[in-house]
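Okay, structure first, notes after.
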Amino acid sequence: MKQLSSKRYVMQTSVIVSFVAFFFCTMLPVQAVHAETVEEGAKREGKVVFYCGMVFPDVRALADGFQKKYPFVKLEHYRAGENKILEKLLTEKRGGKTFADVEHMAGLWTNVYKKEGLLTKYVSPEAKIFPQGFSDPEGFWTAYYNTYLTFIYNTRLVTGKDIPKSLDDLLLPKWKGKKIGLYDDEFEWYVGMMDLLGKEKGPQFMKRLGDQDLVLRGGRTLISTLLVAGEFPLALGAVHRTLAEQKIGAPIALVNFPTPTLASMRCIGIHPNAPHPNASKLLVDFILSKEGQTILNRINRHPIRADIPVEPAVEAVRRNLFPIGPQSLERLQGLKKEYEKVLLKR
């Protein structure tokens, strides 16, 4: 009887050990299996089309890195601003054709993309390292770089105690009358500020800022150029452009406010009818990987991953960020009218 029980014990133990071994052999290399499956599929497809908002040299740097790692996939891209990309995708949808695989979009508009059926769910294995707030809870998109928006000043025209210490300092009488420059399409910043400041302070601040008689110009680069030239002492600018100007000796600096810096997210997602679905996943994985994010950092596109070393000035900024999040189309339309009336005086 004891001998029979011993045999049963050995058999039961063997079954358990075999099950545990099978479990770990099948579950542990999930990411490796994912990569192998996607890569093999991408080899068969041989191509991926990226609708991207970055300027040509920047998207080319990213494409070169991708094709060096995956030479069997040809990366083609269509370059346009975020609004033009959305218009093109909607036009293709109405025509019943899909050319895009991977889509670049402003974080502000991601809910519109979802509502229009322009995104499919895909959670990259790389996305787990991204901080909260920079990816879609449902898995439709992930932010891949940020533009940090903050006020800047000409260091020859603004010094010492005159440097603004808070947002409210921008509303002082001394900054009225063509003293503050603003890109005339800073709607995304406007929406972010309304969310950051809240329902009461947001509209009050914007009305008073609009009453300062702003200098409106067509582009952030132009705004920075005019500020450096001394056309006005203060402006709303982008951190990466300001730091680039500093490196060549321009008299320009960031205003360090205690309030969070607005992070204008640039996101990627995959079209639900992507002609090359596996190559799409491979491209998204690469862009979100440490390798892809390092390339973005090198071309002055602020990466989202926290494990990418950045210069001290950027590190200081990204410790206190406020992502400009997704909005409904209805709210965007309402805020657009307010923005044009309050800041653009139209």
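Structure data summary
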{"quantity": "Residue identified as crowded, with 19+ Cβ neighbours inside 10 Å, modelled with pLDDT of 95 or more, in the same structural domain as H271 (by TED's automatic domain parsing) and in contact with a strand residue (DSSP E or B) (Cβ under 8 Å, 6 or more places away or on another chain) among T120, T110", "calculated": "T110"}
{"quantity": "Residue in the stretch 223-233 that is among the acidic types (D, E) and in contact with a strand residue (DSSP E or B) (Cβ under 8 Å, 6 or more places away or on another chain) present", "calculated": "yes"}
{"quantity": "Scope the stretch 169-187; condition of a type outside the set (A, V, I, L, M), part of a helix (DSSP H, G or I) and surrounded by 14 or more Cβ atoms within 10 Å (Cβ to Cβ); matching residues", "calculated": "D169, W175, F187"}
{"quantity": "Residue within the stretch 184-202 that is of a type in the set (D, E, K, R), on the phi > 0 side of the Ramachandran plot and touching a residue at least 40 places away in the same chain (Cβ under 8 Å) present", "calculated": "no"}
{"quantity": "Check on A263, buried (at least 17 other Cβ atoms within 10 Å of the Cβ) and under 24 Å from G192 (Cα atoms)", "calculated": "yes"}
{"quantity": "Considering residues of the stretch 217-231 that are surrounded by 16 or more Cβ atoms within 10 Å (Cβ to Cβ) and in contact (Cβ under 8 Å) with a residue 60 or more places away in the chain only, the residue nearest to L172 (Cα to Cα)", "calculated": "L227"}
{"quantity": "Residue selected from the stretch 296-307 under the condition surrounded by fewer than 18 Cβ atoms within 10 Å (Cβ to Cβ) and of a type in the set (A, V, I, L, M, F, W, C), by the criterion nearest to F187 (Cα to Cα)", "calculated": "I299"}
{"quantity": "The stretch 282-338: number of residues that are under 16 Å from the mean Cα position of the chain (by Cα), within 21 Å of L108 (Cβ to Cβ) and of a type outside the set (S, T, N, Q)", "calculated": "16"}
{"quantity": "Failed item, numbered, when M54 is tested on (1) part of a helix (DSSP H, G or I); (2) modelled with pLDDT under 95; (3) surrounded by 12 or more Cβ atoms within 10 Å (Cβ to Cβ); (4) not aromatic (F, W, Y)", "calculated": "(1)"}
{"quantity": "Any hit, the stretch 274-286, residues being closer than 30 Å to L214 by Cα and not hydroxyl-bearing (S, T, Y)", "calculated": "no"}
{"quantity": "Matching option when the condition is outside the structural domain of T98 (by TED's automatic domain parsing), in contact with an Asp or Glu (Cβ under 7 Å, 6 or more places away or on another chain) and among the hydrophobic types (A, V, I, L, M, F, W, C), among I299, I248, I252", "calculated": "I252"}
{"quantity": "Test: residue in the stretch 100-111 that is within 29 Å of E39 (Cβ to Cβ) and in a loop (DSSP other than H, G, I, E, B)", "calculated": "yes"}
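The values are calculated or read from the model by the stated rules, or taken from the named source; none is laboratory data. Predicted, not measured: the structure shown is a model, and the values here were computed from it. As a convention, Cβ positions derive from the backbone with ideal geometry for all residues, glycine included, and neighbour counts pool all protein chains shown.
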